[in-house]
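The values are calculated or read from the model by the stated rules, or taken from the named source; none is laboratory data. Note that the coordinates shown come from a computational prediction; the quantities given were computed from them, not determined experimentally. Cβ placement follows ideal geometry from the backbone for every residue including glycine, while neighbour counts extend to all protein chains displayed. These accessible areas exclude ligands, DNA and RNA; they are computed on the full protein's heavy atoms, side chains included. Shrake-Rupley method; radii C 1.70, N 1.55, O 1.52, S 1.80 Å.
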Amino acid sequence: MLKQTSRTFYIPISGLDAGLKEAVASAYLCMRAIDEIEDHEDLADALKIELLAGVHGAFQSSDIINAIQKLLTPYTAQLPEVSLRLAEWLRLCPPTALPIIETYIAKMSLQMSEWVQKGWSIRTEEDLDGYTYSVAGMVGEMLSELWQWNDGTQSDRDKAIAFGRGLQAVNILRNQAEDAKRGVSFFPEGWGFKEMQQYTRRNLQLADAYIADLKQGPALKFCKVPLALAHATLNLLSAGGSKLTRDAVLKIVSKVT
């Protein structure tokens with residue numbers, strides 16, 4: 001399922017040691033599960049809000065697994081497999097790391113429901129910061145907690161947030177035309193490619209500083225791959241390209257690992 005949903009993260013997650021691998025895979029798949037609900041092209045916004053708020057509610061219950069299954073099962077014909085198997089991704093996580101993941105998935109699903117309710121209205125850079133935190137900066141925060149859980153690795157939380165924001169900003173640039181087709185723009189008012197590119201580079205520079213501070217180990221090994229791919233994608237977009245080829249991805253991964 002990781003391979004189906006993200007070639008960017010499949011590679012570094014696959015290279016992690018046992019225990020941390022399951023924790024990060026669980027975290028990523030849980031996030032992908034709710035992200036697919038938020039981005040679903042055919043679901044009405046009212047249903048997206050109901051499901052995302054429902055996921056948040058399920059995480060407050062005494063039996064999270066059953067609450068999630070009860071919430072999602074009626075929508076088997078409408079939701080993608082990765083979303084329907086959310087409870088399974090939670091079971092994958094090592095028990096001692098589970099509270100970290102539950103906290104962030106609950107928080108993320110609630111904030112995603114709020115963004116759907118607002119119609120993804122982004123007018124200012126502050127709005128953009130809010131959105132990129134909700135869907136990606138929070139991921140950087142969660143990863144920092146997982147690095148600490150695994151082997152005590154300390155990292156800068158603000159830079160971790162920028163790490164997530166930078167990766168999401170690259171996606172916003174890459175998917176601009178696709179988002180426009182569904183009537184959504186994540187560009188603040190008056191912003192064009194130049195301004196969004198500058199925002200993206202600022203955050204990627206902080207992401208560079210984030211990994212520069214990491215000690216040798218699994219956290220650094222993991223973070224190098226998506227960050228290198230984000231830089232390469234941004235450079236390609238800036239030169240008028242659209243998407244890295246499979247060969248280009250493999251060369252970049254080989255170089256940084």
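Taking Thr103 as meeting all but one of (1) modelled with pLDDT of 95 or more; (2) closer than 20 Å to Ser185 by Cα; (3) surrounded by fewer than 20 Cβ atoms within 10 Å (Cβ to Cβ), write down the number of the exception.
Only one criterion is unmet by Thr103, namely (2).
Residue by residue through region 81-97, note down the ones that are in contact (Cβ under 8 Å) with a residue 24 or more places away in the chain and open to solvent by less than 40 Å² (accessible area, probe 1.4 Å).
Of everything in region 81-97, those that are in contact (Cβ under 8 Å) with a residue 24 or more places away in the chain and open to solvent by less than 40 Å² (accessible area, probe 1.4 Å) turn out to be Val82, Ser83, Leu86, Trp89, Leu90, Cys93, Pro94, Ala97.
Taking the options Ala18, Ala53, Ala46, Ala33, name whichever one is open to solvent by 20 Å² or more (accessible area, probe 1.4 Å) and touching a helix residue (DSSP H, G or I) at 6+ places or on another chain (Cβ under 6 Å).
Values: Ala18 fails: touching a helix residue (DSSP H, G or I) at 6+ places or on another chain (Cβ under 6 Å); Ala46 fails: touching a helix residue (DSSP H, G or I) at 6+ places or on another chain (Cβ under 6 Å); Ala33 fails: open to solvent by 20 Å² or more (accessible area, probe 1.4 Å).
Ala53 is the lone residue from the list that is open to solvent by 20 Å² or more (accessible area, probe 1.4 Å) and touching a helix residue (DSSP H, G or I) at 6+ places or on another chain (Cβ under 6 Å).
Of the residues in region 28-50, how many are farther than 17 Å from Trp89 by Cα and assigned to a helix (DSSP H, G or I)? Explain how you work it out, then say what you get.
Pass one, region 28-50, residues farther than 17 Å from Trp89 by Cα: 38-50.
Adding the requirement that they be assigned to a helix (DSSP H, G or I) leaves 38-39, 45-50.
Going through region 28-50 one residue at a time, the tally reaches 8.
Is it true that Ala25 is in a helix (DSSP H, G or I), of a type in the set (Gly, Ala, Ser) and modelled with pLDDT of 95 or more?
It is true that Ala25 is in a helix (DSSP H, G or I), of a type in the set (Gly, Ala, Ser) and modelled with pLDDT of 95 or more.
Quick check on my filter: what residues within region 56-80 are in a helix (DSSP H, G or I) and open to solvent by 10 Å² or more (accessible area, probe 1.4 Å)? Spell out the reasoning first.
If we filter region 56-80 for residues that are in a helix (DSSP H, G or I), which is where we start, we get 56-58, 64-75.
Matches in region 56-80: His56, Gly57, Ile64, Ile65, Asn66, Ala67, Gln69, Lys70, Leu71, Thr73, Pro74, Tyr75.
Would you mention how many residues in region 173-204 are outside any helix (DSSP H, G or I), at pLDDT below 95 and of a type in the set (Asp, Glu)?
0
In region 198-213, which residue that is open to solvent by less than 70 Å² (accessible area, probe 1.4 Å) and of a type outside the set (A, V, I, L, M) is nearest to Thr153 (Cα to Cα)?
The selected residue is Tyr210.
So, in region 213-257, of the ones that are touching a Ser or Thr at 6+ places or on another chain (Cβ under 8 Å) and among the basic types (Lys, Arg), which residue ends up farthest from Phe193 (Cα to Cα)?
The qualifying residue farthest from Phe193 (Cα to Cα) is Lys215.
Consider region 214-255. How many of its residues are over 30 Å from Asp151 (Cα atoms), buried (at least 18 other Cβ atoms within 10 Å of the Cβ) and either of a type in the set (D, E, K, R) or in contact (Cβ under 8 Å) with a residue 24 or more places away in the chain (or both)?
3
When you go through Trp147, Trp120 one by one, which is the residue that is open to solvent by less than 60 Å² (accessible area, probe 1.4 Å) and on the phi > 0 side of the Ramachandran plot?
Working: Trp147 fails: on the phi > 0 side of the Ramachandran plot.
The unique qualifying residue is Trp120.
Which of the residues spanning region 18-35 are within 9 Å of the chain's Cα centre (by Cα) and under 15 Å from Glu102 (Cβ atoms)? Spell out the reasoning first.
As a first pass, look at region 18-35 and keep what is within 9 Å of the chain's Cα centre (by Cα): 28, 31-32, 35.
Result: Tyr28, Met31.
Give the residues of region 69-82 that are within 26 Å of Thr132 (Cβ to Cβ) and out of contact with any Lys or Arg (no Cβ under 8 Å at 6 or more places or on another chain), sorted by residue number.
Residues satisfying the conditions are Leu79, Pro80.
Would you confirm, using the coordinates I've provided, whether Gly119 is more than 16 Å from the chain's Cα centre (by Cα), free of Cβ contacts under 8 Å to residues at least 12 places away in the same chain and not in a helix (DSSP H, G or I)? First the steps, then the outcome.
On the way: more than 16 Å from the chain's Cα centre (by Cα): yes; free of Cβ contacts under 8 Å to residues at least 12 places away in the same chain: no; not in a helix (DSSP H, G or I): yes.
So Gly119 fails the test.
Within region 151-181, how many residues are of a type outside the set (Gly, Ala, Ser), out of contact with any helix residue (DSSP H, G or I) (no Cβ under 9 Å at 6 or more places or on another chain) and open to solvent by 50 Å² or more (accessible area, probe 1.4 Å)?
Residues in region 151-181 being of a type outside the set (Gly, Ala, Ser), out of contact with any helix residue (DSSP H, G or I) (no Cβ under 9 Å at 6 or more places or on another chain) and open to solvent by 50 Å² or more (accessible area, probe 1.4 Å): 2 in total.
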